[in-house]
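For reference, the structure discussed in these notes is given below.
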Protein chains: 2
Amino acid sequence: MIIDATQLSQFESRYRATLINSLAGIKQAFLIGTKSTAGHSNLAIFNSLIHIGANPPLWGFLCRPDTVQRDTLRNILETGQYTFNFIHQEDTEKAHQTSAKFSSEISEFDACGLTEEYLNEFPVPFVSESPIKIGMKFEEKMDISINGTILIIGSIQFIELDEQFLSLDGFVDLAKAQTLTCAGLDAYFENTLMQRLSYAKPEKWPSKL
Amino acid sequence: MIIDATQLSQFESRYRATLINSLAGIKQAFLIGTKSTAGHSNLAIFNSLIHIGANPPLWGFLCRPDTVQRDTLRNILETGQYTFNFIHQEDTEKAHQTSAKFSSEISEFDACGLTEEYLNEFPVPFVSESPIKIGMKFEEKMDISINGTILIIGSIQFIELDEQFLSLDGFVDLAKAQTLTCAGLDAYFENTLMQRLSYAKPEKWPSKL
């Protein structure tokens, strides 16, 4: 079937949001940890991790300022530091629950049953249950004027992970770490590594690594 | 183990790129089809699909102008139209092979064994083997000055998919469509839907939909 732009514009708004959001791909789910200047811990689930570059190591994520993501955004802009925490499949419901609209004074760590952890003298909390944790420093905010979303770019300060997930060539197996992926606002997936393929060259068909 | 920013900066560049790239998450893989003003078809694999908004339906992707993605970028900026084609797991090697540096005159459709298809009077080729196809119109180019990457934002013109993948509430099951996800430049995954969860509210634990 074909769904065209006119039909899209006429759909009921929640149907359209579910369609366009879920269609936009299966993505890594992760929790962003922050701390407000008043000392309140905050945790929120995101799925818009964007690899910007490896040298310097820069990652971005997209933020909608009119949602529960507002606390995360404000804390990052005020303190300049935040944490990325990949989610173990066992913690799917706890991670999903962080998307509820808790008041700013309530810590989603407490409300959702996840544990604050402080690492490497970083002042912002990590999720202890997370198999892979990354300390981030804010670098740049880009406004996407076309619809008011915001791209937050930060640099990786340090990575905490179990050595068993790291291959000799630097590859990190997020499926082996049983991390969660998601699509749209409510669908959660598990992943299986099928294969790694050799660097593609015009005269040679790719082979398994 | 902890890997800090100093260690990251001292790693051999290919090791660092593999580490930061693979760590940036499992993502939807997709092929972007374009046509040059001279009429040459082009196809290239990407994994940086970014959901910008649902109304209007806007998606972005990130582009590195110094790679094989250059043809894709030039064609989009010159013609204003392009196609997104999700990849069936069976076509992993063909899709990966589009990342080889073919000359601009060679069609990756031919070189990689994928079939051009024209739909809905759209002038740019789709991948016939793709279970989900989306016609895109260029809207905006944003330069990410921090490292020279480019965010291309476009609007969805139409979607072609099999009705069996579309739920009553608008959810599209990309795992059921056996579409491919990837991490870094060479690792490919299959996905299984674990669950969909109810809209999160502070006073209520999420339940399965």
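The values are calculated or read from the model by the stated rules, or taken from the named source; none is laboratory data. What you are looking at is a predicted structure, and each value in this text was computed from that prediction instead of being measured. Note that each Cβ is placed from the backbone with ideal geometry, even for glycine, and that neighbours are counted across all protein chains shown.
Within region A:182-198, is even one residue assigned to a loop (DSSP other than H, G, I, E, B), more than 7 Å from chain B (Cβ to nearest Cβ) and modelled with pLDDT under 95?
We begin by selecting, within region A:182-198, every residue assigned to a loop (DSSP other than H, G, I, E, B); these are A:184-186, A:198.
Those left that are additionally more than 7 Å from chain B (Cβ to nearest Cβ): A:185, A:198.
From what's left, modelled with pLDDT under 95: A:185.
The answer is yes, given that some residue of region A:182-198 is assigned to a loop (DSSP other than H, G, I, E, B), more than 7 Å from chain B (Cβ to nearest Cβ) and modelled with pLDDT under 95.
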Tally, over region A:73-108, of residues that are of a type outside the set (Asp, Glu) and either over 18 Å from the mean Cα position of the chain (by Cα) or surrounded by fewer than 22 Cβ atoms within 10 Å (Cβ to Cβ) (or both): 16
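Would you say B:LEU119 is surrounded by fewer than 20 Cβ atoms within 10 Å (Cβ to Cβ), in a loop (DSSP other than H, G, I, E, B), modelled with pLDDT of 95 or more and over 14 Å from the mean Cα position of the chain (by Cα)? Reasoning before the result, please.
Values: surrounded by fewer than 20 Cβ atoms within 10 Å (Cβ to Cβ): yes; in a loop (DSSP other than H, G, I, E, B): yes; modelled with pLDDT of 95 or more: yes; over 14 Å from the mean Cα position of the chain (by Cα): yes.
Yes; evaluated as a whole, the condition is true for this residue.
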Helices (runs of 4 or more DSSP H) completely within region B:1-105 that count 3 or more residues being of a type in the set (A, V, I, L, M) and touching a residue at least 60 places away in the same chain (Cβ under 8 Å): B:69-79
Scan of region A:188-209 for residues that are touching a residue at least 24 places away in the same chain (Cβ under 8 Å) and basic (Lys, Arg), ordered by number: A:ARG196
Filter result (buried (at least 23 other Cβ atoms within 10 Å of the Cβ), within 11 Å of chain A (Cβ to nearest Cβ), of a type in the set (Val, Ile, Thr) and within 15 Å of the chain's Cα centre (by Cα)) within region B:16-72: B:ILE26, B:ILE45, B:ILE50, B:ILE52
Whichever residue in region B:125-152 is over 29 Å from A:LEU58 (Cβ atoms) and in a strand (DSSP E or B) and, among such residues, is nearest to the other protein chains (Cβ to nearest Cβ): B:ILE132
Complete set of residues in region A:154-176 that are buried (at least 17 other Cβ atoms within 10 Å of the Cβ), more than 7 Å from every other protein chain (Cβ to nearest Cβ), more than 14 Å from A:ALA54 (Cα to Cα) and touching a residue at least 24 places away in the same chain (Cβ under 8 Å): A:PHE165
